[in-house]
Amino acid sequence: MGQGRPLQPLALGPEVHAELTSLARSRTLPHDLVRRAKIILLCADGVSNTTVAAQLGVTRPTVGTWRERFRRQGLMGLYDERRPGRPRTIEDERITRLIRKTLKTRPKDGSTQWSCRTLAAEAHVSKSTVQRVWSAFGLQPHRQKHFKLSTDPFFVEKVRDVVGLYLQPPDHAMVLCVDEKSQTQALERTQPLLPMGLGYVQGVTHNYIRHGTTTLFAALDVASGTVLTQCRPKHRHQEFLQFLTQIDASVPQHLDIHLVVDNYSTHKHAKVKRWLAARPRYHLHFTPTYASWLNQVEIWFNIVTQKAIRRGSFRSVRDLVARIQTFEQHYNPSAQPFVWTATADSILQKIERLCEAISGTRY
């Protein structure tokens, strides 16, 4: 026999259910709001308050409170109400002036951007007020984001060509992203590394001894994520041809090979062109100028740099090459392909928005 008052059923329309589902799956909204959305969705499915509380790790009265709030107020009932406190001491017009000054002006002392203290002194407010306003509107004058626009006249065509290879690779073919990491230095720290311990990080001296450089050639298989590497002392068309020979011996003869490369002169040398012309199964796809981010092998170059090169200490180039080869041998058996999700249209739309933003500035 049931005890207590019967629960009022919750009827969710399609739009309300979709909104609650979006709230419940969010990774950026406040945790309390996400949990409240999950409570309502479970209650709407007929789950009892006790079961909902056990699943979400809250108390039964909490479930009942938000269930009733939603029944009476709808979606707005899930948001926190305004709490009492001291009224604001800075007017909207003053906040607007702070934002406009941050975005449109520079300090008179020659600084390139405002700081909390310099803007506070200029606007006759406290630095904490400036900090709160910047935080509320996402203003970060001390930070920069680097970019480089391509000047390639065939930018659109090359983007569609390369992205098309990633999203719809051809049948009976292998797509390889090929590039070189030149001037990879074999650096030996002048003093031994201090090991990491409880409460402190690894210690390393800022000065080092240079023992030479090597050029790391790499070909990334887009389908499997595995890499084929070769280290050479120089970065010329002769070394690139030797690497192409290694690729040719490694890829089964019945497969076509689509190479994604950048516009470096080595890739366009006359001898390289003759070598490729004698092998019809090779197809070259050039990335636009200043668009090396389109070449997926750059992602692997960052991985090997962070995990095997940057924090190492090498007494010779041979030690550096051995470390890279060891990393490759352990990387390939568990390699996973990089999932490319951006379409050519989305990339071009993003660049269009960037160009529009630049055209509206004084630069």
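Considering (1) touching a strand residue (DSSP E or B) at 6+ places or on another chain (Cβ under 9 Å); (2) more than 17 Å from Val272 (Cβ to Cβ); (3) touching a residue at least 24 places away in the same chain (Cβ under 8 Å), the lone condition that Ile209 does not fulfil carries the number (3). Checked against (1) closer than 30 Å to Ser126 by Cα; (2) open to solvent by 30 Å² or more (accessible area, probe 1.4 Å), Leu98 passes all but a single condition, namely (2). The selection criterion, being without any contact (Cβ under 8 Å) to a residue 24 or more places away in the chain and either open to solvent by less than 60 Å² (accessible area, probe 1.4 Å) or touching a Ser or Thr at 6+ places or on another chain (Cβ under 8 Å) (or both), holds for Ser346.
Considering the conditions (1) open to solvent by less than 30 Å² (accessible area, probe 1.4 Å); (2) at pLDDT 90 or above; (3) more than 21 Å from the chain's Cα centre (by Cα), Thr287 is excluded by exactly one of them, (3).
Confirm whether Arg72 is open to solvent by 70 Å² or more (accessible area, probe 1.4 Å), without any contact (Cβ under 8 Å) to a residue 60 or more places away in the chain and either farther than 15 Å from Leu12 by Cα or in contact with a Phe, Trp or Tyr (Cβ under 6 Å, 6 or more places away or on another chain) (or both). So Arg72 does not fit the description; no.
Residue-wise test of (1) within 30 Å of His17 (Cβ to Cβ); (2) surrounded by 17 or more Cβ atoms within 10 Å (Cβ to Cβ).
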position: Ala54; (1), (2): yes, no
position: Leu78; (1), (2): yes, yes
position: Glu81; (1), (2): yes, no
position: Pro84; (1), (2): no, no
position: Pro87; (1), (2): no, no
position: Arg106; (1), (2): no, no
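Checked against (1) closer than 15 Å to Phe217 by Cα; (2) open to solvent by less than 30 Å² (accessible area, probe 1.4 Å); (3) in a helix (DSSP H, G or I), Leu276 passes all but condition (1). Name every residue in region 126-147 that is within 22 Å of the chain's Cα centre (by Cα), open to solvent by less than 80 Å² (accessible area, probe 1.4 Å) and in contact (Cβ under 8 Å) with a residue 12 or more places away in the chain, in order of residue number. Leu139, Pro141, listed by residue number. Of the residues making up region 159-172, just one is touching a Leu at 6+ places or on another chain (Cβ under 8 Å) and open to solvent by 30 Å² or more (accessible area, probe 1.4 Å), namely His172. Looking for something in contact with a His (Cβ under 8 Å, 6 or more places away or on another chain) and surrounded by 12 or more Cβ atoms within 10 Å (Cβ to Cβ) - is there at least one such residue anywhere in region 326-337? No.
Does region 86-108 hold any residues that are in a helix (DSSP H, G or I) and either hydrophobic (A, V, I, L, M, F, W, C) or within 17 Å of Gln140 (Cβ to Cβ) (or both), and which are they?
Of region 86-108, the ones in a helix (DSSP H, G or I) are 92-104.
Passing the criteria: Ile95, Leu98, Ile99, Arg100, Lys101, Thr102, Leu103, Lys104.
Contact annotation: no residue pair with Cβ atoms under 6 Å, 6 or more positions apart or on different chains, pairs a residue in region 21-47 that is aromatic (Phe, Trp, Tyr) with a partner that is open to solvent by 70 Å² or more (accessible area, probe 1.4 Å). If you go through region 326-363 and keep only what is polar (S, T, N, Q) and in contact with a strand residue (DSSP E or B) (Cβ under 7 Å, 6 or more places away or on another chain), you end up with just Asn332. Only one of the numbered conditions (1) without any contact (Cβ under 8 Å) to a residue 24 or more places away in the chain; (2) assigned to a loop (DSSP other than H, G, I, E, B) is violated by Ser150, and that is (1).
For region 108-125, filtering for residues that are closer than 25 Å to Thr89 by Cβ and surrounded by 13 or more Cβ atoms within 10 Å (Cβ to Cβ) leaves 10. Tallying residues that are among the small types (Gly, Ala, Ser) and open to solvent by 50 Å² or more (accessible area, probe 1.4 Å) within region 12-47 yields 3. Among the residues of region 303-325, the ones that are surrounded by 12 or more Cβ atoms within 10 Å (Cβ to Cβ) and assigned to a helix (DSSP H, G or I) come to 15 in all.
The values are calculated or read from the model by the stated rules, or taken from the named source; none is laboratory data. Everything quoted here is computed from the prediction, not taken from an experiment. A quick note on method: Cβ atoms are made from the backbone with ideal geometry, for glycine too, and the neighbour counts reach across all protein chains shown. When the accessible area is computed, the model is the full protein with side chains, heavy atoms only, and any ligands, DNA or RNA have been set aside. Shrake-Rupley method; radii C 1.70, N 1.55, O 1.52, S 1.80 Å.
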